[in-house]
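Below: one structure, written as structure tokens.
The values are calculated or read from the model by the stated rules, or taken from the named source; none is laboratory data. Quick caveat, the model's predicted, so the values are computed rather than measured. Methodologically, a virtual Cβ is constructed for each residue, glycine included, from the backbone with ideal geometry; neighbour enumeration extends over all protein chains shown.
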Amino acid sequence: MSPAASPESSSLHILFADDEVNLQELMRSELPRMGHTVTVCPDGLTAIAALEKEPYDCLLVDLQMPGMGGIAVIERAKAMYPDIQAIVMTGNPSQDTAIAALRNQVFDYLTKPTRLTEIAQRLGRVAERRNSLRQFAALRHRVQRAEGENRLVGDAPGMRLVRKLIDKVAPTDSSVLIRGETGCGKELVAQAVHNQSRRNGQAFVAINCGALPENLIESELFGHCRGAFTGADAARIGLFEVADGGTVFLDEIGELPLPIQAKLLRVLETGEIRRIGDNHTKRVDVRLVCATHRDLEAMVELGTFREDLMFRINTFEITVPPLRDRISDLPELAECLLRRHRKDLPAGTQLIDEEALAILRAHAWPGNIRELANVLEHATILCDHFPIRAEHLPQHFGKRQLRKELRASAPMSLRDLEMLAIEQALARHDGSKPAAAEELGVSLKTLYNKLNSAEDRRAAS
């Protein structure tokens, strides 16, 4: 137990199952001395009966017992309590039993005879993980209450493809590489992969590799022991341990230094981590999702990114389109962003007027959705009452030319403004009417009708 841990945070409710009478008596006396409560069972069937009565934090179970073996007990326990952590004990270790334990998300694996210090160490790690999951769950709940649940918004073709790919890969445990420009929503895609996976009840740990100081990256990812380096006054659990059973999202993985890339590759190959200063490894079960805006293939050619790591993380790829390629989604994105921060707005409130929306549509959006969020935040500060108008947009925002065009034939009717938006959309897409209709959020038939009406009006005049 770390110095900062309280007795309550390190105490576990343990179910121990083993047919050896001596071990039963030992655990019945020693586990309470370690600060835990324990229910001792002589076989697997008795353990299942105990699980049906109440939940437990940890299952400490022998693999070979009469009636029902340890793996079968773990399977039943996980079905009832997905968050329960299992530690298996066996006097006959083999590759087959290790594989079976791994498939059932066993937290750790002990070989008999086992020392009490080893058991205490493993139980301490179970308590650390349980506490971390509770903290993450509480934080996620607070964030969702404050901001509303994040979700993928938009129905442009590029986003429909993204959703289709998420649906395909989420139920698997395959590694996913998300590509896309900065600010286009790669973390939301990673969160969606996690939410639709079997791990959705466990932690989703997002790590911005570019924001971590190089000398602290290894400690942040894998943890360290007390005294491992100057300033390590207490042991620290790494984020891979925090995410055990869940998903690790490495944002901007292209920023990882080569030495850390090598250590990450080893974790992916072995499923084991080693805290800095620790002589022992620990098995973790995490699903890896990565994201980057960089050209990793070019980095491989330059020698700044490992080719073998590239193959490991790129089992399945999803590319998120930039905002300029999904302008038809802009009104829905803008409304979602505005309502996230203004939950008091009544349904049906017009949030942005037509002139401001036309200006937003015409912008190139080099900063993508992140830039849109900043522009809207600026506008809401200046806007005393909705809807947002053109004068509420930032002064440096590229709107002067469009506003000049909008006033060139003043006064302009709404129909004239509509035709201006259509003409600009056609110009951006080299005259492609299907692409322009998609951007404007109207059907191709509607676009043709409006163009034909405009031709009729011109002919009549």
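Details
- The C-beta contact set for segment 240-253 (first residue assigned to a strand (DSSP E or B), second residue surrounded by fewer than 24 Cβ atoms within 10 Å (Cβ to Cβ) and of a type in the set (Gly, Ala, Ser), distance under 6 angstrom, 6+ apart or interchain) comprises Phe249/Ala206.
- Extreme residue, surrounded by the fewest Cβ atoms within 10 Å (Cβ to Cβ), among residues of segment 29-49 that are small (Gly, Ala, Ser) and under 24 Å from Leu116 (Cα atoms): Ser29
- Matching entry among Phe249, Phe229 (being of a type in the set (Phe, Trp, Tyr) and surrounded by fewer than 20 Cβ atoms within 10 Å (Cβ to Cβ)): Phe229
- Lone qualifier among Thr292, Thr281 - being among the β-branched types (Val, Ile, Thr), modelled with pLDDT of 90 or more and either assigned by TED's automatic domain parsing to the domain that holds Leu188 or buried (at least 17 other Cβ atoms within 10 Å of the Cβ) (or both): Thr292
- Some residue of segment 339-348 being over 19 Å from the mean Cα position of the chain (by Cα) and at pLDDT 90 or above: no
- Restricting attention to segment 437-455, the residues being among the acidic types (Asp, Glu), surrounded by 12 or more Cβ atoms within 10 Å (Cβ to Cβ) and without any contact (Cβ under 8 Å) to a residue 60 or more places away in the chain number 0.
- Only one of Glu272, Glu317, Glu301 that is under 19 Å from the mean Cα position of the chain (by Cα), surrounded by fewer than 16 Cβ atoms within 10 Å (Cβ to Cβ) and not small (Gly, Ala, Ser): Glu317
- The listed residue being within 25 Å of Arg283 (Cβ to Cβ), over 14 Å from the mean Cα position of the chain (by Cα), modelled with pLDDT under 95 and among the aromatic types (Phe, Trp, Tyr), out of Phe240, Phe222: Phe222
- Each residue in segment 342-375 was checked for being part of a helix (DSSP H, G or I) and touching a helix residue (DSSP H, G or I) at 6+ places or on another chain (Cβ under 7 Å), and 13 pass.
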